[in-house]
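One structure is given below, encoded as structure tokens.
The values are calculated or read from the model by the stated rules, or taken from the named source; none is laboratory data. Keep in mind the model is a prediction, meaning the values are calculated, not measured. Glycine also receives a Cβ, built like all others from the backbone with ideal geometry; neighbour counts cover every protein chain displayed. The protein model used for the area step is the full one, side chains on, heavy atoms only, and it has no ligands, DNA or RNA in it. Shrake-Rupley method; radii C 1.70, N 1.55, O 1.52, S 1.80 Å.
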Amino acid sequence: MSSRDALRITGGSVHDPANGVDGEVRDVCIEDGRIVERLPQGAPTLDANGMVVMPGGVDIHSHFASSSCNHARRLIPDEHAANPALAPELLDGETPARSGTGGTVPSTFTTGYRYAGLGYTTAFDAAVAPLTARHSHAELDDTPCVDGGIFVLMGNDEYLLRQIEAGERDRARDYAAWLLQSTGGYAVKIVNPGGVEAWKGGQRNVTGLDDAIGGRKVTPRSILETLADAANALRLPHPVHIHANNLGVAGNAATTLASMEALAGRRAHFTHLQFHCYGGGNGQPWSSAASKVIEYVNAHPEVSTDVGQVMFGPAMTITADAPVEYLLHKSSGRRWTNIDIELETGCGIVPLTYKDKAAVSALQWAIGLELFLLSQDPWRVVLSTDHPNGGSFLSYPALIQLLMDRSVRDERLKLANPRLLAGSALADGLAREYSLNEIAIITRAGPARLLGLTRKGHLGPGADADVTIYSRETDLAKMFATPRYVLKQGALIVEEGQLRRALRGRRLRVAPGYDPAVLPGLKRHFDAFSSVCFANYPVQNLPGDPVPVG
Ligand SMILES: [Zn+2]
């Protein structure tokens, strides 16, 4: 079947929260790769009787297509040996199937196949240094089945810091627009604002929002304000995507709340919130500060977040937050990489295993679940494990089960080290169980809305015909791990649980306008400091049309 064909999915319980549909049995009609209102009698049908129909999954924050991921892949030859990924058996006449490697950071084709096998059809790589955007687009080209894009790192880049120091916030905004356009990016990402630059300059890190960075008149606060305002002024589909200062540090909830308050009234997305919700510090033991932080999120509709749940088992930490990775390497003794990306950002990588018997891992696991279970608005608190930082995207089904089934959660909690869990709302007993509709919100409709993707995350007319169909199972982890059918752009890519087609994904990027007056100064900056010629910097031949801005 090609994407031109029509198909009527009949008899399934449809969960399409963006259109107010909560489990109603109704047809979903597809034509020409899109959802349509109706089809003529006699159109081909797919029988979904007794099954659950949802839009394709949308991953708002993942690391799967970047030069950092490639460094991570090189760090774990043992995982490749343990998990060779054979080429799937695709239907005759389809694109050639490719073998690869699995583990915590699968190779590109394997990543695409596995996302599709999970019912996810859209994913964003959340941290790409502008200088390495070309590499990310090449990886996305080789990641089939998912429409994808990249968030572009800003906030530790020399040109931006100079503009902030000079009070040139309008120029900073034009620069952000030029950078997104030049790199084929989708959103502005900030990682540890100023902290990475401080680390590269020989400081250990920054400690709070008002630290001067490298003795300059630039602070984490001024970076947050400048880029949040830039993203909003440019009317980007997704607001600034923030990995706040002090990730992974005891007591960091104070910094997280201060960062949210610094941007009060401005639209902003705070990512992998679990890693930013710790109490204690200053000689006090680690504790959960999830309640306090989620209380703020609940009360502030301009704030959105993804959780960054930790799942027990192997993970790979990959981040532009290079100073954090130094700490993690020191405390874990695991192998590591730390990379400087000239004038722009840094990168650190350390493999990690979250063990239920380790007190801090158990606390992190509990905090993530607290955030989910205390959230009052699933549209603004969406699912992520910060793949592969908190765990692989392959663990989403197990996470969904923890959210939907209190008894499974409580049993798991009993196995976890309780040492740091005093004061955790989870340990005190949280009865909430997510409904199927809430799962559809936090895994598809919510992320799509937060990303401003009007054709994703729903099944209304005009939407991309990305659809996931699950057989009902009492074992919810199994149900969500093995969708019966997955459609991408209207084509059946998974049939009876088997990947059969591997369509090329589309690129999701923006191209906001900017005042060309910014260009001569930028060129002078490149001529003076960069190893890359200004004319060669923009990525050429980006695929597809940009998503409209405004
Ligand atoms: Zn991340």
Q. In whole Å and largest first, what semi-axes does the C-alpha gyration tensor of region 168-280 yield when each eigenvalue is scaled by 5 and square-rooted?
A. 23, 17, 12
Q.
Compute, for region 392-550, the length of the dipole vector about the Cα centre, with Cβ point charges of +1 (Lys, Arg) and -1 (Asp, Glu) only. Units Debye, rounded to 20.
A. 300
Q) For the charge dipole of region 14-134, defined by +1 on Lys and Arg C-beta atoms and -1 on Asp and Glu C-beta atoms about the Cα centroid, which residue among Thr121, Thr101, Leu86 has the Cα displaced farthest towards the positive pole? A) Thr101
(Q) Tell me which of Ala264, Asn282, Leu234 sits at the most positive position along the dipole axis of region 221-297, charges placed on C-beta atoms (Lys, Arg +1; Asp, Glu -1). (A) Leu234
Q) Where in the chain are the DSSP H helices whose alpha-carbon span along the long axis reaches 24 Å or more and whose Kyte-Doolittle mean is at least 0.0? A) none
Q: Wrap a convex hull around the Cα atoms of region 303-442, take a quarter of its surface area, and give that in square nanometres.
A: 9.3
Q: Hey, could you grab the Kirkwood Rh for the chain? Inverse mean 1/r over distinct alpha carbon pairs, Å, one decimal.
A: 23.5
Q: Using only the Cα atoms, work out Rg/Rh for region 128-205, with Rh taken as the Kirkwood radius, to two decimals.
A: 1.04
Q) Which aspartates and glutamates, on any chain, are close to Lys292 with Cα under 12 Å apart, when same-chain ones fewer than 8 places away are left out? A) Glu370
Q. Treating the beta-carbon of each Lys and Arg as +1 and of each Asp and Glu as -1, no other charges, what is the dipole magnitude of region 495-545 about its Cα centre, to the nearest 20 debye?
A. 120
Q. Which percent of the accessible heavy-atom area of region 47-117 goes to carbon and sulfur, probe 1.4 angstrom?
A. 52
Q: Straight distance only, please: which lysines reach the Cα of Lys330 with their own Cα at less than 27 Å, same-chain residues fewer than 8 apart left out?
A: Lys189, Lys200, Lys355, Lys357
Q.
With a 1.4 Å probe and all protein chains left in place, how much accessible area per residue does the chain have, in Å²?
A. 36
Q) In debye to the nearest 20, how big a dipole does region 370-456 give about its Cα centre with +1 on each Lys and Arg Cβ and -1 on each Asp and Glu Cβ? A) 280
Q. Counting every Cα pair in region 225-311, what percent are over 18 Å apart?
A. 40
Q) How high is the relative contact order of the chain, in percent, with contacts defined as C-alpha pairs under 8 Å that are six or more residues apart? A) 21
Q. Just in region 374-483: which trypsin sites (Lys or Arg not before Pro) are loop by DSSP and have at most 16 other Cβ atoms within 10 Å?
A. Arg419, Arg432, Arg472
Q.
Can you give me the Kirkwood hydrodynamic radius for region 380-526, using every pair of distinct Cα atoms, in Å to one decimal?
A. 18.7
Q) Any idea how far apart Gln41 and Glu89 come out in nm if each label point goes 7 Å out from Cα toward Cβ? A) 4.0
Q. Roughly how many Å² of Met479 are accessible to a 1.4 Å probe, to the nearest 10?
A. 10
Q | Largest to smallest accessible area among Phe109, Phe151 [probe 1.4 Å] | A | Phe109, Phe151
Q: Determine which lysines satisfy two conditions relative to Lys488: a Cα distance under 18 Å, and not lying fewer than 8 residues away in the same chain.
A: Lys456
